[in-house]
1. Select from the range 35-71 the residues that are more than 9 Å from the ligand (Cβ to nearest atom) and in a helix (DSSP H, G or I) and write down the one among them that is farthest from Val113 (Cα to Cα).
2. Kindly list, by first and then second residue, each pair from a residue in the range 26-48 that is farther than 17 Å from Gln104 by Cβ to a residue that is of a type in the set (Val, Ile, Thr) and within 8 Å of the ligand (Cβ to nearest atom), limited to pairs with Cβ atoms under 8 Å and residues at least 6 apart or on different chains.
3. For the range 64-76, indicate whether the set of residues that are out of contact with any helix residue (DSSP H, G or I) (no Cβ under 8 Å at 6 or more places or on another chain) and free of Cβ contacts under 8 Å to residues at least 24 places away in the same chain is non-empty.
4. Exactly one condition in (1) surrounded by fewer than 21 Cβ atoms within 10 Å (Cβ to Cβ); (2) of a type in the set (Lys, Arg); (3) over 20 Å from Asp28 (Cβ atoms) is false for Arg118; which is it?
5. If you check Val197 against the conditions, is it in contact (Cβ under 8 Å) with a residue 12 or more places away in the chain, out of contact with any Cys (no Cβ under 6 Å at 6 or more places or on another chain), surrounded by fewer than 17 Cβ atoms within 10 Å (Cβ to Cβ) and not small (Gly, Ala, Ser)?
6. Filter the range 72-93 down to residues that are in a helix (DSSP H, G or I) and in contact with a Phe, Trp or Tyr (Cβ under 7 Å, 6 or more places away or on another chain) and give me whichever is farthest from Phe44 (Cα to Cα).
7. Kindly indicate the residue of the range 87-137 that is farther than 14 Å from Ser73 by Cα and among the β-branched types (Val, Ile, Thr) and also nearest to the ligand (Cβ to nearest atom) among those meeting that condition.
8. Got at least one residue in the range 139-157 being touching a Cys at 6+ places or on another chain (Cβ under 7 Å) and part of a strand (DSSP E or B)?
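What follows draws every value from the coordinates through simple rules; no lab data is involved. Quick caveat: nothing in here was measured; it's all calculated off a predicted structure. Every residue, glycine among them, receives a Cβ derived from its backbone with ideal geometry; neighbour counts consider all protein chains shown.
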Amino acid sequence: MIQPGTVRQVGGVARLWPVDPVLKDNPDRLRWNARYAAGFRPSFEPHPLARLALSSDLPQGPVLDLAAGTSGSVILAAKSGRTAVGVDVSDEALSLLAAEIERQGMSGRVTVVQADLRDWRPGSREYALVLCIGYWDRDLFVLAADAVLPGGVLGWEALTTEALDLAPQMPSQWCVRPGEPASLLPAGWEVISSQDVPGRSRRRMLARRPLA
Ligand SMILES: C[S@@+](CC[C@H](N)C(=O)[O-])C[C@H]1O[C@@H](n2cnc3c(N)ncnc32)[C@H](O)[C@@H]1O
């Protein structure tokens, strides 16, 4: 199930991106669009958590990348034979990603959705793998865990509170607290790995939902 938002099945119109009027003045969209438009050169590299998870034992099912930006994780998922959905608020990022998806011949397998993740909600037990890299919202984390199929995997990387030492003006709710996000997983989940990324004030976690 794809929730409301501006949905694009990637095709030949990747650079003609009519912006959802609801998102026109969205502050996150404007902020991130400005960053992506300012000469940003995407590598379209899949995230290491995507590589790790996609090479592990996963159930059948699609992949969801939350706050996908220009990450190549959805492309890797498509090349692994899965369908994938990438959600992000930035049309600048999604148009770059959509063009790359098309260039790599993966248009039939990837859907990109322009939406604000404070409103957009995944369905329950739908995805073999849910990823979120570089974005943190405690409520979304709980919903993302619920969106994972039994036996599936959740991968997350977010800023830790150490990032506030370098950027004290940043809202603290953008950062995971000590022990998070693993401590927020429902009972029964197996934490495959949880570690701080050296020198980056980020924590990276991979966890598997129980089969039952
Ligand atoms: C640090 S970047 C990470 C992008 C990508 N996951 C990666 O690893 O390259 C954060 C992403 O979150 C997106 N974002 C920020 N606020 C958002 C929101 N409210 N809803 C949806 N996406 C948002 C930005 O557009 C940006 O692409």
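1. Leu52
2. Taking only residues 6 or more apart or on different chains, the pairs are Asn26/Val89; Asp28/Val89; Arg29/Val89; Trp32/Val89; Tyr36/Thr70; Phe40/Thr70.
3. Taking every residue of the range 64-76 in turn, none turns out to be out of contact with any helix residue (DSSP H, G or I) (no Cβ under 8 Å at 6 or more places or on another chain) and free of Cβ contacts under 8 Å to residues at least 24 places away in the same chain.
4. (3)
5. yes
6. Checking each candidate, the answer is Asp91.
7. Out of the qualifying residues, it is Val89.
8. Checked the range 139-157: at least one residue is touching a Cys at 6+ places or on another chain (Cβ under 7 Å) and part of a strand (DSSP E or B).
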